[in-house]
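Since the structure comes first, as structure tokens, the remarks are kept for the end.
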Amino acid sequence: MPLTGPKEMFARAYKEGYAVGAFNVNNMEIIQGIMMAGAEEKAPLILQVSAGARKYAGQNYIVKLIEAALMETDLPVVLHLDHGPDFDLCKACIDGGFTSVMIDGSHLPFEENIKATKQVVDYAHDRGIWVEAELGRLAGVEEHVSAEKSIYTDPDQAVEFVQRTGCDSLAIAIGTSHGAYKFTGEAKLDFPRLEKIGQMLPGYPLVLHGASSVPQEFVDMANKYGGKIGGAKGVPEDLLRKAAGMAVCKITIDTAIRRAMTACIRQHFVEHPEDFDPRAYLKPAREAVKKMVAHKIKNVLGCSGKA
Ligand code: G3H
Ligand code: 13P
Ligand code: ZN
């Protein structure tokens with residue numbers, strides 16, 4: 001089955017009150033783990049590639065790996081650029097076969113964000129490609145931008161932004177953040193804000209980034225086998241499930257994949273110090289990705305059986 005765009009995926013997710021998972025991919029084992037989970041749960045999938053992942057793996061490698069995965073499945077799969085920093089990178093991905101791109105101008109002043117987004121929308125729409133943009137700022141660290149404090153999305157500005165740019169989906173800031181350390185105090189999301197944006201943009205798909213909730217088993221496992229990742233707190237899964245039932249049609253997950261893989265590899269090295277075959281530790285790591293992603297699909301996103 002060829003790659004698909006997010007249009008029908010999001011329309012159905014919006015109507016039926018679930019979200020599609022967008023999982024960050026960096027190498028073959030991560031792609032395989034996610035695909036195995038999708039197959040088990042019969043779920044639609046978004047595989048997303050950040051600028052850093054593209055640099056690490058190489059665009060051709062990552063695209064061809066995903067094409068190989070598609071030869072073995074009939075699941076609907078979107079190939080998406082995550083947090084595209086500028087027009088040139090978005091263009092390179094559109095030209096290289098991605099079916100969806102994100103232009104992230106959230107760190108720019110409002111008018112500049114509109115300008116940067118509109119430029120990508122014009123190029124992408126001429127080629128039938130979906131564009132996600134971002135308004136508001138998430139706290140946390142990504143490769144090209146890091147912010148200490150979040151700036152929640154203003155609902156009036158969201159409407160103006162969507163109208164003036166023509167972007168197809170919008171990532172909003174309502175309290176999630178990137179990386180492992182998301183909340184110092186009580187974890188909460190601004191649901192009244194999400195509801196208001198949803199009401200002001202009826203039928204329009206919203207996106208929630210920074211949505212990992214790191215399963216405790218992997219935090220404990222990593223620390224037991226030599227990791228030093230203390231106090232890591234994710235977004236509680238019941239809050240994500242609630243957002244998925246509202247206008248949020250796409251939920252992005254990266255940190256939880258990293259944590260699951262790393263915990264398994266740490267365990268393997270401690271338990272088998274004599275081992276040096278990468279397959280011996282990447283196989284359980286891939287299995288852990290599968291298990292974690294299947295759990296998210298089934299219990300958090302609500303998209304099992306929606307492929
Ligand atoms: O939101 C950012 C993603 O987690 C990607 O992270 O830029 O380190 O690949 P990365
Ligand atoms: P996490 O760091 O919470 O996994 O967020 C991932 C993300 O937003 C990718 O763009
Ligand atoms: Zn993100």
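The values are calculated or read from the model by the stated rules, or taken from the named source; none is laboratory data. This structure is a prediction, so every number in the text was calculated from the model and none was measured. Every residue, glycine as well, gets a Cβ built from its backbone with ideal geometry; the counts of neighbours run over all protein chains shown.
Scoring A256 on the criteria (1) crowded, with 18+ Cβ neighbours inside 10 Å; (2) not in a helix (DSSP H, G or I) leaves a single failure, condition (2). When A57, A133 are checked against the criterion of being away from ligand 3 (no atom under 16 Å from the Cβ), surrounded by 15 or more Cβ atoms within 10 Å (Cβ to Cβ) and of a type outside the set (F, W, Y), A57 stands alone in meeting it.
Selection of the stretch 177-231 for residues being outside any loop (DSSP other than H, G, I, E, B), within 12 Å of ligand 2 (Cβ to nearest atom) and under 30 Å from W130 (Cα atoms) yields S177, V207, L208. Report yes if some residue within the stretch 92-110 is touching a residue at least 40 places away in the same chain (Cβ under 8 Å), assigned to a helix (DSSP H, G or I) and either within 16 Å of ligand 2 (Cβ to nearest atom) or within 26 Å of I257 (Cβ to Cβ) (or both); otherwise report no. Looking through the stretch 92-110, at least one residue is touching a residue at least 40 places away in the same chain (Cβ under 8 Å), assigned to a helix (DSSP H, G or I) and either within 16 Å of ligand 2 (Cβ to nearest atom) or within 26 Å of I257 (Cβ to Cβ) (or both). Filtering the stretch 12-43 to residues that are in contact (Cβ under 8 Å) with a residue 40 or more places away in the chain and under 13 Å from P205 (Cβ atoms) leaves R12, A13, Y14, E16, G17, Y18, A19, V20, A22.
Name the residues in the stretch 151-176 that are of a type in the set (A, V, I, L, M, F, W, C), in a helix (DSSP H, G or I) and touching a helix residue (DSSP H, G or I) at 6+ places or on another chain (Cβ under 6 Å), would you?
A158, V159
Taking the condition on the phi > 0 side of the Ramachandran plot, within 16 Å of ligand 3 (Cβ to nearest atom) and surrounded by fewer than 22 Cβ atoms within 10 Å (Cβ to Cβ), does G179 pass? Here the answer is yes, as G179 does meet what is asked.
Go over the candidates D88, D82 one by one and state the one that is without any contact (Cβ under 8 Å) to a residue 12 or more places away in the chain and charged (D, E, K, R). Step by step, each of D88, D82 is checked, and only D88 is without any contact (Cβ under 8 Å) to a residue 12 or more places away in the chain and charged (D, E, K, R).
Annotation: of all residues in the stretch 189-216 being small (G, A, S) and surrounded by fewer than 24 Cβ atoms within 10 Å (Cβ to Cβ), the one that is nearest to the chain's Cα centre (by Cα) is S213.
Write out, first by first residue and then by second, each pair whose Cβ atoms fall under 7 Å of each other, whose residues are 6+ apart or on separate chains, and whose first residue, in the stretch 205-225, is touching a residue at least 40 places away in the same chain (Cβ under 8 Å) and farther than 19 Å from M246 by Cβ while the second is among the charged types (D, E, K, R) and away from ligand 1 (no atom under 16 Å from the Cβ). Listed by first residue and then by second, the contacts come to A222/R266; Y225/R266. Here D238 passes the criteria (1) of a type outside the set (F, W, Y); (2) more than 26 Å from K182 (Cα to Cα); (3) free of Cβ contacts under 8 Å to residues at least 12 places away in the same chain except the one numbered (2).
Across the stretch 122-138, a minimum of one residue is classified as among the aromatic types (F, W, Y) and within 18 Å of F10 (Cα to Cα). For S150, the test of being within 16 Å of ligand 1 (Cβ to nearest atom), under 19 Å from K250 (Cβ atoms) and surrounded by fewer than 23 Cβ atoms within 10 Å (Cβ to Cβ) is passed.
A Cβ distance below 6 Å, combined with a sequence gap of six or more or placement on separate chains, defines the contacts here; from the stretch 54-65, residues that are closer than 13 Å to L3 by Cβ reach residues that are crowded, with 19+ Cβ neighbours inside 10 Å and modelled with pLDDT of 95 or more in the pairs I62/V49; L65/I31.
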